[in-house]
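Following: one structure in structure tokens, then a few remarks.
The values are calculated or read from the model by the stated rules, or taken from the named source; none is laboratory data. Just so it is clear, the structure is predicted and the values come from calculations on it, not from any experiment. Cβ placement follows ideal geometry from the backbone for every residue including glycine, while neighbour counts extend to all protein chains displayed.
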Amino acid sequence: MRLQEQGALHAVSVSVAPARTQNPFSATWNFIYKTLVIAELEARKLRHEPTELLTRAVQPALWLLVFGQVFTRVRAIPTGNVRYLDFLAPGVLAQSVLFIAIFYGIAIIWERDLGIVHKFLATPTPRAALVLGKALSAGVRGLAQALIVFVLALLLGVKVNSDPLALVGMAFAVILGAALFSTFSLIIACIVKTRERFMGIGQVLTMPLFFASNAIYPVSMMPGWLQVISRANPLTYEVDALRSLMLAGVSSTYGIGRDLGILTLIAALLALIGAWLYPSVAW
């Protein structure tokens, strides 16, 4: 095992006092600390594989440079007073984060095969801290991807919102979306347990999630049955929040508070399910 993994295992397995002697503040801090240790371990892998971000930036770049430029000229999709390229940019940002997060669970299967999962499960670290730490690290990867798409959008002349509060809100929406879909991915990995089946399911899910959202066209253009599915799709609310926060002069369809609230609620629910299922991945 690599030294960084050994260090993380040591950090999360630090002995703690029995629950009856811990006050709530100490227990909460202990949980947060172990969550951050797991997140730091996962995020550290990004530093050793920086080319991964560049290769993953190719697809969103093609969407903006080719699809966005062409349909902006054609004007076939009604987007009101917003240029289609501007309308598309937040959707492409959400798509790139989705594609990173939805395949995040395959790392769990690799860790199981290497015996790392068994070692983590042998520590006193709460299962929820393990899941939340991995979800937070997916958010870090999502932020790195979002930065690339944001810079590309600036270079293409997209009218972005430069308000610092809006940028902070956009970063929060990206982290929430990445955490949500990476936790969903972890749940799938806990159920299917093999890389081949996981990759098959992941590939099946990505396109329906993307096209059954408001990422590349307004929900109002969809047939009635697809609008119902779109409103049940978490990606729709992530895109809506990103579009209103990223673009200048664009308001949210559902309300930013509602968008972020729905994403938070779903992410928390998936984290609970993931914490419950996580030990089963080792079987």
* Would you tally the residues in segment 233-278 being over 20 Å from the mean Cα position of the chain (by Cα), more than 16 Å from Ala89 (Cβ to Cβ) and exposed (fewer than 14 other Cβ atoms within 10 Å of the Cβ)? => 1
* Structure fact -> Here the residues within segment 164-192 that are at pLDDT below 90 and over 20 Å from Leu132 (Cα atoms) are Val192
* Residue by residue through segment 98-107, note down the ones that are at pLDDT below 90 and in a helix (DSSP H, G or I). => Phe99, Ile100, Ala101, Ile102, Ile106, Ala107
* Which pairs do you get when a residue that is among the aromatic types (Phe, Trp, Tyr), found in segment 179-203, comes within reach of a residue that is at pLDDT below 85 and not in a helix (DSSP H, G or I), reach meaning Cβ atoms under 8 angstrom, with the pair 6+ apart or on two chains? -> Phe181/Tyr104; Phe198/Gly105
* What is the number of the single condition among (1) among the hydrophobic types (A, V, I, L, M, F, W, C); (2) free of Cβ contacts under 8 Å to residues at least 40 places away in the same chain; (3) farther than 30 Å from Pro164 by Cα that Ala275 does not meet? -> (2)
* Starting from residues that are farther than 22 Å from Leu98 by Cβ and part of a helix (DSSP H, G or I), keep the ones in segment 146-170 and report whichever is farthest from the chain's Cα centre (by Cα). => Leu155
* Asked: For Gly133, are the conditions met, namely being more than 21 Å from Tyr237 (Cα to Cα) and outside any helix (DSSP H, G or I)?
  -> no
